[in-house]
Amino acid sequence: MELNQLTIHELQEKMKAGETTSTDIVQSVFRRIDAVEKDVHAYILLTREAALEQAAHADGEIRKGRFQALTGIPIALKDLLCTRGVTTTCASRILHNYVPPYDATVVEKLRAAGAVFTGKTNMDEFAMGSSTETSWFGITRNPWDLERIPGGSSGGSAAAVAADECIAAIGSDTGGSIRQPAALCGVVGMKPTYGRVSRFGLVAFASSLDQIGPFTRDVEDCAILMNVIAGYDPKESTSVPAEVPDYRQYVSRGIDGWTVGIPREYFIEGIDAEVLEAVQRSVKVVEGLGAKCTEISLPHTEYCLAVYYIVAPAEASSNLARYDGVKYGFRSQDGRDLLDMYKKSRSAGFGAEVKRRIMLGTYVLSSGYYDAYYKKASQVRALIKRDFDEAFKSCDVILTPTTPTPAFRVGEKTDDPMQMYLSDIFTISTNLAGIPGIAVPCGFTRGGLPIGVQFLAGHMGEAKLMQIAGAYEKSAHLEKRRPNL
Amino acid sequence: MKIKKDEVTHVAHLARLEFTEAETEKFTSQMNDILMYMEMLNRVDTAGVAPMTHAIAQKNAFRDDRVLESLPREETLANAPDARGDFFRVPKVID
């Protein structure tokens, strides 16, 4: 195995034993990037020189016996996390030249833990999409099949981990944007509880839904990253002032005696037969670990997508009002006056999907329609959350498929927004309810595409997710495969 | 039809966007599909249900009233497409 293929914890052992250095690891990652990035296009920007400097610094620290949680580990950042002095584009023309004067809290925490940053990963523009096809900088391809999409919106982060172009990555999840690409690329991806990880410095999409989380090769690495990025931030008013447990301790605890809920509404017509088969095998594995699996009902599930596509665009239309061509980013030179400059800058600066969502959001919030759409959706959202609250009274965690199908083909859904939106049907409810979820690889289709199972827990239940995902991963005995690039 | 072309044009103005004729046609049709799909919410009885505005129960989050360092003006203006002196410069606002 090459260094760039190992996990965080394996690399940490090697560095501690003096068998390798951060510089070796970072060079191994960039050799891989040089070899495959032209096919995958996981990154918008590579920060090779800074990464090598950070690695040299890490090696100095290690020589002094100073190890922190992520010393010397190469990590990729989704390009909507503000990085001081390094372009942060949100994959949009309107921010193509934006250089933040500050770090996002998550970036600050990773930096303080000794991480090395390889670059900024590709994504759907403003995180609006499920395939990483709406980026202004071009599409990312699925490392398992270059004719297919990696999922989205954090498709670059998922693909970078799957293609061994970094050791781990950070993404964001508003309706499935971490878990869906993790499942389609065969890696672990977690969306934490709303408020568990600070959103300060995350370019906002839908503020009541957005949450930052990790992409990793295994559950232990997920716990290692969550230990670093979780926690209260006085700069972020929705971050929760609660203690962060040592998640790593939970990975090997087992789930003997647990009750796992299987919501019947997630096993619907239209779900791919091989996905269904793999998820049903996961149920057997979980039962083999001493848990009782029982059917449950989340009766408002069918309304999740409709609620989401009112709430998220409404919040987005308000958040994206700040892009006016005045303070930063793209400005059209054709504006006759101020109003015309706004319109021309925004119309040329945003892509079609972003404009579609701004339009939808503006419409549902506009005078006369607010009650019919936004208020109604927020009421149904309360019922969706209530479904989960009820369910977690009788079960520890919930098990579902992560996606209805494996990765679809490039271009397959770009002309039909509704079809694209449906690919997030199993992940959206989590964000609406604010609960945590994790996608874990659970096998491959006969055609060699990865499939992911999803576990959900109640608010602040990340430790439980580490526990079941860790136990599952250990006993599922999945074939170890790597994409053939 | 949930939304007509002239409404799409009006919403575009509210959103400070502008579209070609062909784009307006396409958006009208796509927005109609999406808004039709959302009709299903009318099947849900929400009488007496308080709208959910946030995923977690929380009160106002107050910080101590301490003066912290602000970003230096040069850094704040560094990303502006057109900055002059201490100001953001914009096209003419009034005739």
Please state the relative contact order of chain A as a whole percent: Cα pairs under 8 Å, 6+ residues apart?
18 percent
Pop the C-beta distance of A:Gln419 and A:Phe267 into the FRET formula with R0 = 25 Å and round what comes out to the nearest 0.05.
0.75
Counting other chain Cβ atoms within 10 Å of each Cβ in B:40-50 and taking the mean gives 5
Sorted by packing (mean other beta-carbon atoms within 10 Å per residue), highest first, where do A:402-414, A:46-58, B:74-86 land?
A:402-414, A:46-58, B:74-86
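Which order, highest average first, do A:386-399, A:147-160, A:271-284, A:187-200 follow once you tally other Cβ atoms within 10 Å for each residue and take the mean per peptide?
Values: A:386-399: 18.4, A:147-160: 32.9, A:271-284: 16.8, A:187-200: 27.6.
For the peptides A:386-399, A:147-160, A:271-284, A:187-200, the packing ranking is A:147-160, A:187-200, A:386-399, A:271-284.
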Quick one: Karplus J couplings for the stretch A:155-170, per residue in order, coefficients 6.51, -1.76, 1.60, θ = phi - 60°, nearest Hz, x for Gly and Pro?
x, x, 5, 5, 5, 5, 5, 5, 8, 6, 8, 5, 8, 8, 8, 10
Based only on other Cβ atoms within 10 Å, what is the fewest-to-most ordering of B:Thr46, A:Thr362?
B:Thr46, A:Thr362
Percent of Cα-Cα pairs more than 19 Å apart in the stretch A:208-271, please.
57 percent
To test your reading of the geometry: what angle, between 0 and 90 degrees and rounded to tens, separates the Cα axis of helix B:21-38 from the longest principal axis of chain B?
70 degrees
10 Å-binned pair-distance histogram of chain A (Cα, whole percent):
4, 22, 33, 27, 12, 3, 0
Cβ-defined net charge surrounding A:Phe30, 14 Å radius [Lys, Arg +1; Asp, Glu -1]
-4
Using a 10 Å cut-off around each Cβ of peptide B:77-89, what is the average number of partner chain Cβ atoms that fall inside?
3
Nonlocal amide H pairs with A:Cys293, under 5 Å, H built at 1.01 Å
A:Val260
Along the Cα→Cβ direction, 7 angstrom out, place labels at A:Thr294 and B:Asp33. What is the inter-label distance in nm?
4.2 nm
If R0 = 22 Å, then A:Asp34 and A:His96, at their Cβ-Cβ distance, give a FRET efficiency to the nearest 0.05 of 0.35
Under a Cβ-Cβ cut-off of 10 Å, what is the net charge of the residues other than A:Glu353 that fall near it, where Lys and Arg count +1 and Asp and Glu count -1?
0
Testing the spin-label approximation: label points 7 Å from Cα along Cα→Cβ at A:Asp256 and A:Arg48. State their distance in nm.
5.2 nm
Based only on other Cβ atoms within 10 Å, what is the fewest-to-most ordering of A:Trp144, A:Trp136?
A:Trp136, A:Trp144
Once amide H atoms are placed 1.01 Å from N in the peptide plane, what residues at a sequence separation of 5 or more from A:Val397, or on another chain, have their amide H within under 5 Å of its amide H?
A:Thr259, A:Gly261
Nothing charged except the Cβ atoms of Lys and Arg (+1) and of Asp and Glu (-1): what's the magnitude of the dipole of the protein assembly as shown about its Cα centre? Round to the nearest 20 debye.
620 debye
With the convex hull built on the alpha-carbon atoms of the stretch A:305-375, volume per residue in Å³ sits at 87 Å³
Roughly how many nanometres apart are two label points built 7 Å out from the Cα toward the Cβ at A:Arg281 and B:Glu21?
5.7 nm
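For peptide A:324-333, what's the mean number of Cβ atoms from other chains within 10 Å of each residue's Cβ?
Mean shielding by partner chains, rounded to a whole number: 4.
Quick note: the coordinates plus some simple rules give every number you see, no bench work behind them. Not measured: the values here are computed from a predicted model. No Cβ is skipped: glycine too gets one built from the backbone with ideal geometry, and neighbour counts run over all protein chains shown.
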